[in-house]
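Below is one structure, written out as structure tokens; comments come after it.
The values are calculated or read from the model by the stated rules, or taken from the named source; none is laboratory data. Computed from a predicted model, the values in this text were never measured in an experiment. As a convention, Cβ positions derive from the backbone with ideal geometry for all residues, glycine included, and neighbour counts pool all protein chains shown.
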Amino acid sequence: MDNAIVLSIVFGVLGATAIGIADLITIGLARKIGLVTTGIWEKLLAVLIVTPYFLFTIPTSDIMFEHWDLLILLGVVNLITYLVLIKSLQIGPVSVIAPLTTLFSIVSLGLAYLFLDEKLTYTQISVIGVALTGAVVTVLRTGNFNLVSSSLTAGVLLGLLATLLVGTQMFLQGAISKQVGWFFGVYFPMMLSIFGFIPVLFYKREIPWHSLSIRVFCLLLITSSLKIGGFFLFARGAELGSIGMVSVGTTTYPVIPIIAGVLLFKERLSYTQLIGISLLLGSLAVLAAT
């Protein structure tokens, strides 16, 4: 058993769990105060929450200046990914876009293979293929397998772009974390992305403090903590092990809203979702044991 692979998968699953729970809260907040306003508050609060840790672990200037270009690039990618993904889900159809974005790990795996020379055995490739199949099946419902017939609408095209962007973001997140560490690889790009939200707020004419009640602010604190914690877990998993493997672990993300639907809204799982979850979790267990 390769400990690096196990750590990568575990951190990926934990990161997906934190981000998945946070996104459930974000959906409700975005409907109340606006998508862009929610985004800038989440990132701003996340940065403020972990800034005390930054003050006690200030890196050497040489490290930060050496990788400033990658940090800025990741900050820009973070912003664009958020806007494209949310816009694609807005104009839909969600039933097509959700399975597409679940395949982001293929992009991360490909980039890791091309640029970081992360090799996979034939067995690992086969198991990863089963895991990705399970991830797609998990977000599909019975009678909703007609992905192609929805045509290449604007929403589907944006969904394809979002898949590429999410995969690229996760790859860059892992690659930068290997260079500057798990904390700074998340902290600085997130802080830089805040500045990108400001002109978008003016364009959308959203007022950040509009409808900001104590209850909403508390929910923003919770989702901000969960999201930055999820990204820290992903970055730490990539730093300790493999970017590709931690990306595969993150494909468990769709399981979180499904479980929430069952527990909170008494939804029933379809047999396809049960099969998908079984394939996904079973494959990750096999992958960790190989």
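Points to keep in mind about this one:
- Residue within the range 230-249 that is over 30 Å from T121 (Cα atoms) and surrounded by fewer than 22 Cβ atoms within 10 Å (Cβ to Cβ) present: no
- Of all residues in the range 256-290, those satisfying the criterion of being at pLDDT below 70 and not in a helix (DSSP H, G or I) are K266, E267, T290.
- Answer from I27, I19 - the residue that is surrounded by fewer than 20 Cβ atoms within 10 Å (Cβ to Cβ) and assigned to a helix (DSSP H, G or I): I27
- Residue check, G196 small (G, A, S), assigned to a helix (DSSP H, G or I) and under 30 Å from G241 (Cα atoms): no
- Any hit, the range 173-189, residues being more than 22 Å from L111 (Cα to Cα) and modelled with pLDDT under 80: no
- A single entry from K43, K32, K87 fulfils the requirement of being of a type in the set (K, R) and either on the phi > 0 side of the Ramachandran plot or modelled with pLDDT under 80 (or both): K87.
- Residue within the range 213-223 that is in a helix (DSSP H, G or I), out of contact with any helix residue (DSSP H, G or I) (no Cβ under 8 Å at 6 or more places or on another chain) and either surrounded by 17 or more Cβ atoms within 10 Å (Cβ to Cβ) or of a type in the set (A, V, I, L, M) (or both) present: yes
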